[in-house]
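Q: Starting off with a structure, shown below.
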Amino acid sequence: MRTLYCGDLRSEHIDKTVTLYGWVDRRRDHGGVVFLDLRDRKGVVQIVSDPERTPDSYPAAEQVRNEYVVKVEGRVSQRPEASLNPKLPTGEIEIYADRIEILNAVRKQMPFQVSTAEEEPVREDLRLKYRYLDLRRERMSRNLQLRHAVIKAIRRFLEDQEDFIEVETPILTRSTPEGARDYILPSRVNPGEWYALPQSPQLFKQLLMVSGFDRYYQIARCFRDEDLRADRQPEFTQLDMEMSFMGQDEIIDLNERLVCHIFKSVKNIDLPRPFPRLTYAEAMDRYGSDKPDTRYALELVDVSDILKDSGFKVFSGAIADGGQVKVLPIPGGNDAISNVRIKPGGDLFKVAAEAGAKGLAYVRVRDSGEIDTIGAIKDNLSAEQKQELLSRTGAQPGHLLLFGAGPTLTVNATLDRLRQTIAQELDLIDQAALNLLWVTDFPMFEWNADEQRLEALHHPFTAPHPDDVADLKTARAVAYDLVFNGYEIGGGSLRIYQPEIQSQVFEAIGLSEAEAQDKFGFLLEAFEYGTPPHGGIAYGLDRLVMLLAGEQSIRDAIAFPKTQQARCLLTQAPSPVDNQQLKELSVISTHKPKAAE
């Protein structure tokens, strides 16, 4: 039996005989005495095999190599003063091995080094192909143990302190419009009919509120067939919660205490409460984003009223067409950012263009405090307008002012991207800061130009603000997102629980009464049987762990992730299946592979 994990050994275990299991992280032969670093998921400890002091273990110690799996029995000893290793938690002790048993050897050349002492950069595709080896490495082992600690903290807080009950909801369900594309599966026993994998447990958790389980949570698997980014996966994990008889402020308070508990338990960090709040309108106005990173300033300034009568038609025309002109003031930008980078072909121009901007106007504030304009702007700003710009933006000598002009959505997207890019470049971000804030009062709907209809900004089960029920199409939602250093880590809302209001929302997003009954009739009927007021929230668990681990991709917070092409390089999924399997499912593939060139 294992006595302890390698990483748990300390000086208080000196003179005790222990049995350890693990992998040989590194082997060193010092003049006949063999030193092994033995590794398991808790850490590394030094093993010593001396042909004179421990002759029984020496033959095996001579044979072992990196990544051999071994069993070690020996006595814990104090390391000599000269060999103490303060970098290791086990650096004060070593194990003199009375016996080493080789449980398994390495039979092929390793595709990359696993050793904690020799860890090297490895291409991500290689890491994913040999994920079982990557998970042995210190970085990924640490990340998965952090993930476990986060989930453990969640369970203890919700169950032991707040009386939540965990309920599992179905994985095989029906396809319903929730915003993203469904993964669908054919039913063999019901030919011609299909299951969908859940995008979230949304409908089932609302039905649990109808059922009287007033505090529900689940560590839920969710599936969305959508284009991938560094912080997205086709299958992902949510902390899913729903609560009855609680208003927005009560739900936010409970969730702030939950998040504080996670940070304290996992990182020993005390977060200040309450978290700041911004309305959606404030966030978009000041930052151009509904998930602003508030670790640095660089706030946007609306100058539409100053420039609406400008002779510069790019500005005045945008405002006349219902758009906006905003400024991103950059302190020290004159010295840091050249004209070439802002003009067509420059890197900042490309950032703006990728966000939808047709151009990027700018002015500089010189040492004299005067605005220096160029090109078409030069003769079309009056002295009064220049002074108003200085006053409104708070610009000082050395400031660079970048303008966004056009439709409001494009202006916000452009300046948001520029704000993030420039903050990174100018090292304005306090990497040690932990800025959490709530964004509230989202619009109920946004316009889908492709389909020429309204669609729910969050989902169609979000409750409208009580003051806005007269016109749902322009209503605010009682919705709230939790933002952590510029990433949305959680989002929720109060829910609709009256069938007549739910029917009105379905109508607003273009569902006929028949379509609503077909897709959501079971929900509308449930609302007829005494549904309590309720609300909830869901956290992107992978994203939260990614941020706590200081990683840039959620793939480094997941044991076996997919690539950005939604492929598993380890198992080579997705893959073809036998025609017989398709026949049993009454399915035929219409895909035609591209002809080889």
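The values are calculated or read from the model by the stated rules, or taken from the named source; none is laboratory data. Values in this document were obtained by computation on a predicted structure and should not be read as measured data. As a convention, Cβ positions derive from the backbone with ideal geometry for all residues, glycine included, and neighbour counts pool all protein chains shown. To get the accessible areas, we keep the full protein, side chains included, count just its heavy atoms, and leave off ligands, DNA and RNA. Shrake-Rupley method; radii C 1.70, N 1.55, O 1.52, S 1.80 Å.
Q: Quick check, is Ser11 out of contact with any Ser or Thr (no Cβ under 9 Å at 6 or more places or on another chain), open to solvent by 20 Å² or more (accessible area, probe 1.4 Å) and among the hydroxyl-bearing types (Ser, Thr, Tyr)?
A: On the way: out of contact with any Ser or Thr (no Cβ under 9 Å at 6 or more places or on another chain): yes; open to solvent by 20 Å² or more (accessible area, probe 1.4 Å): yes; among the hydroxyl-bearing types (Ser, Thr, Tyr): yes.
The answer is yes for Ser11.
Q: Pairs please, first residue from the range 517-530 and touching a residue at least 12 places away in the same chain (Cβ under 8 Å) and on the phi > 0 side of the Ramachandran plot, second anywhere and surrounded by 15 or more Cβ atoms within 10 Å (Cβ to Cβ) and not aromatic (Phe, Trp, Tyr), Cβ atoms under 9 Å, 6+ apart in sequence or on different chains.
A: Hits for this filter: Gly530/Val210.
Q: A further question follows. Which is in contact with a Phe, Trp or Tyr (Cβ under 9 Å, 6 or more places away or on another chain), open to solvent by 20 Å² or more (accessible area, probe 1.4 Å) and touching a residue at least 40 places away in the same chain (Cβ under 8 Å), of Arg53, Arg65, Arg39?
A: Criteria check complete, one pass: Arg53.
Q: If only one of Arg147, Arg155 is farther than 18 Å from Lys42 by Cβ and at pLDDT 95 or above, which one is it?
A: Among Arg147, Arg155, only Arg155 is farther than 18 Å from Lys42 by Cβ and at pLDDT 95 or above.
Q: I would also like to ask the following. Which pairs do you get when a residue that is assigned to a helix (DSSP H, G or I), found in the range 420-433, comes within reach of a residue that is of a type in the set (Ser, Thr, Tyr), reach meaning Cβ atoms under 9 angstrom, with the pair 6+ apart or on two chains?
A: Cβ pairs passing all conditions: Gln420/Ser289; Ala423/Tyr296.
Q: Please tell me if Gln498 is without any contact (Cβ under 8 Å) to a residue 40 or more places away in the chain, polar (S, T, N, Q), within 24 Å of Ile252 (Cβ to Cβ) and open to solvent by 10 Å² or more (accessible area, probe 1.4 Å).
A: yes
Q: Does at least one position in the range 49-64 carry a residue that is under 26 Å from Thr17 (Cβ atoms) and within 43 Å of the chain's Cα centre (by Cα)?
A: For the range 49-64, residues under 26 Å from Thr17 (Cβ atoms) and within 43 Å of the chain's Cα centre (by Cα): present.
Q: Let me ask something else. Identify, from the list Phe522, Phe442, Phe527, Phe506, the residue that is of a type outside the set (Ser, Thr, Tyr) and within 30 Å of Val259 (Cβ to Cβ).
A: Phe442
Q: Here's something else I'd like to know. Restricting to the range 394-411, name every residue that is within 18 Å of Ile330 (Cβ to Cβ) and either crowded, with 19+ Cβ neighbours inside 10 Å or of a type in the set (D, E, K, R) (or both). Give the steps one after another, and end with the answer.
A: Narrowing the range 394-411 to residues within 18 Å of Ile330 (Cβ to Cβ): 394-405, 411.
The answer is Ala395, His399, Leu400, Leu401, Leu402, Phe403, Gly404, Ala405, Val411.
Q: Just to verify a result, which residue in the range 347-384, among those that are open to solvent by 50 Å² or more (accessible area, probe 1.4 Å) and assigned to a helix (DSSP H, G or I), is nearest to Asp416 (Cα to Cα)?
A: Glu354
Q: Restrict the check to the range 406-413 and report whether at least one residue is closer than 26 Å to Glu370 by Cα, more than 22 Å from the chain's Cα centre (by Cα), part of a helix (DSSP H, G or I) and not hydroxyl-bearing (Ser, Thr, Tyr).
A: Yes, some residue in the range 406-413 is closer than 26 Å to Glu370 by Cα, more than 22 Å from the chain's Cα centre (by Cα), part of a helix (DSSP H, G or I) and not hydroxyl-bearing (Ser, Thr, Tyr).
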